[in-house]
Amino acid sequence: MISTIQIKGIRDGLLVSLGEGDWGEVRDELLTQVSQQADFLKGARLAVDVGNRILRAAELGELRDTLSEQGLTLWAVLSNSPTTEQTAQTLGLATRLSKPRPDAQVTPVETRLQGGEQAVLVKRTLRSGFSLQFPGHIVILGDVNPGAEVIAGGDVVVWGHLRGTVHAGAEGDETAIVCALDLSPTQLRIASQIAITPQRRGKTIPEMARLSDGRVIAEPWNPK
Amino acid sequence: MEAKVITITSGKGGVGKTTATANIAAALATDGKRVVCIDADIGLRNLDVVLGLENRIVYDLVDVVEGRCRLRQAMIRDKRLPELFLIPAAQTRDKSAVTPSDMVRLCDELRPDFDYILVDSPAGIERGFRNAIAPADIVIVITNPEVSAVRDADRIIGMIEAEEKGPARLIINRIKPEMVRRGDMLATNDVLELLAIELIGIIPDDENVVMSTNRGLPISMDGKSKAGQAFRNIACRINGEQVPFMDLEKRDGFFGKLSRMIRPGGA
């Protein structure tokens with residue numbers, strides 16, 4: 001019989017992945033393999049991935065006991081079936097592998113998103129007459145047509161033509177910014193300041209608008 | 001026969017909905033298609049005038065909806081084009097006399113007997129507009145190459161999408177190629193960039209159109225007129241034919257390119 005069982009080392013011991021097949025056969029195969037490598041595996045902690053199988057408490061309990069006789073500890077059962085997960089949990093088994101080690105953790109990049117800040121992503125063009133309002137930041141993948149309005153408590157980023165009206169920092173945040181690939185709004189507001197787009201000449205370039213000394217200024221986009 | 005219901009709308013008033021409805025209907029009927037037009041502009045009816053049928057109105061749309069006559073009694077058959085029919089609007093009532101479901105019911109009753117049902121929408125975004133698009137299989141938005149008209153067209157396209165009647169098709173009406181060349185009028189591409197829907201026709205400005213609507217003789221029946229040809233092309237496209245757009249904005253060589261480069265505003 002082809003072995004469908006894979007055993008690999010993980011942080012918390014060993015992960016046993018059972019393949020397809022009848023539970024009885026697969027369980028027997030596992031126990032056979034385990035006993036063959038008994039000396040090597042002795043004292044190991046096993047997490048067993050049973051796949052889609054729905055297993056009863058009796059089957060899981062029996063598996064744990066049999067492994068225990070071999071000197072192995074079954075500490076977790078992973079399954080796609082919520083029924084199996086629940087059964088495992090009532091037996092005191094874990095159903096998830098633990099989080100990665102601290103040194104493997106990714107350090108989050110410093111952003112302005114503090115706890116509670118939110119942003120909404122809209123993937124369409126806003127046509128005339130459409131009003132999009134959100135207390136946090138707004139990101140639009142599309143155009144904002146003249147006659148459409150965007151009102152954000154936070155920042156506004158338009159990955160397209162911004163030709164409608166926009167109000168960033170609508171609740172009074174004077175650090176709010178407005179960015180667009182084509183910054184040509186009929187009216188731009190940040191907090192309580194209002195500005196009108198000056199007559200544009202030449203190619204459109206990505207720009208960012210912000211308040212500086214209480215006035216709205218727009219600068220070509222420069223990430224530095 | 002299972003008719004397609006096409007509603008022609010615009011948002012802005014006066015851009016050419018009624019004229020387009022009349023002319024496209026006449027062109028389709030000339031082609032042998034059986035067409036009925038419905039004037040949904042209750043209170044400000046015009047389609048009967050433009051088609052030259054106002055003298056023959058006995059019953060209208062509201063009479064049908066309120067059960068004072070049968071549908072067939074309100075239908076006026078055009079004597080020049082036997083496949084063309086009109087159900088006129090009422091002039092002494094207003095848009096509240098008809099509901100969207102009335103329109104759907106009416107069109108369903110007409111579907112088996114016609115190839116096309118053309119609904120002439122009123123201007124605006126209120127009840128009249130909603131009545132007109134309720135039965136539509138296809139919505140055609142008509143606009144002029146002017147900033148204010150395009151603004152309204154954008155709004156109406158948004159509403160059509162919101163009512164899940166999209167995607168709409170676009171007709172740009174009253175193009176003046178000389179003004180486009182000078183940079184004083186929006187070019188077709190400028191309009192399409194903003195509205196972003198499929199173009200189904202462009203119609204040049206033609207003073208003969210005003211004369212034709214005054215006389216009640218659809219200009220699409222006039223072989224010599226460019227606007228008439230444009231309407232006939234639209235009818236062909238509605239029928240599924242591939243007809244290239246008339247070249248109204250032919251750029252003339254070097255000077256054309258130069259004038260475009262120094263055009264102010266960059267609209």
Show me you know the interface measure: the accessible area buried between A and B, both chains summed, probe 1.4 Å, in Å² to the nearest 100. 900
For each pair in A:LYS203/B:LYS17; B:LYS4/B:LYS95; B:LYS95/B:LYS224; A:LYS123/B:LYS4; B:LYS33/B:LYS79, compute the distance between the two Cα atoms and list the pairs where it is over 26 Å. A:LYS203/B:LYS17; B:LYS95/B:LYS224; A:LYS123/B:LYS4
Rg/Rh of chain A (Cα atoms, Kirkwood Rh), to two decimals, equals 1.32
For B:LYS176, list the aspartates and glutamates whose Cα falls under 18 Å from its own Cα; do not include residues on the same chain fewer than 8 positions away. B:GLU146, B:ASP184, B:ASP190, B:ASP205, B:ASP206, B:GLU207, B:ASP247, B:GLU249, B:ASP252
Once the Cα gyration tensor of region B:1-138 is diagonalised, semi-axes √(5λ) in Å: 19, 16, 15
Projected area averaged over all directions for the convex hull of the alpha carbon atoms of chain B, nm², comes out at 13.8
Mind checking the per residue accessible area of the protein assembly as shown for me, 1.4 Å probe, whole number of Å²? 51
In whole angstrom, the spacing between the Cα centers of region B:1-66 and region A:1-60 equals 76
Cα Rg, Dmax, the protein assembly as shown, angstrom units: 34.1, 106
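Could you look at region B:49-136 and say what percent of its accessible area is carbon and sulfur, using a 1.4 Å probe and all protein chains?
47
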Across all Cα atoms of region A:1-104, Rg and the largest Cα-Cα distance (Dmax), in Å, are 13.1, 41
Residues hit by the 50 Å² burial cutoff in region B:190-204, accessible area with a 1.4 Å probe, assembly against chain on its own, are B:GLU193, B:LEU194
As a test of the formula, what do you get for chain A when each DSSP H run with n ≥ 4 contributes -39,500 (n - 2.57) and the sum is divided by the residue count, at 222 nm and rounded to the nearest 500 deg cm²/dmol? -5000 deg cm²/dmol
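The values are calculated or read from the model by the stated rules, or taken from the named source; none is laboratory data. A quick note: this is a predicted structure, and the numbers were derived from the prediction, not measured. SASA here: full protein model, heavy atoms, side chains in, ligands and nucleic acids out. Shrake-Rupley method; radii C 1.70, N 1.55, O 1.52, S 1.80 Å.
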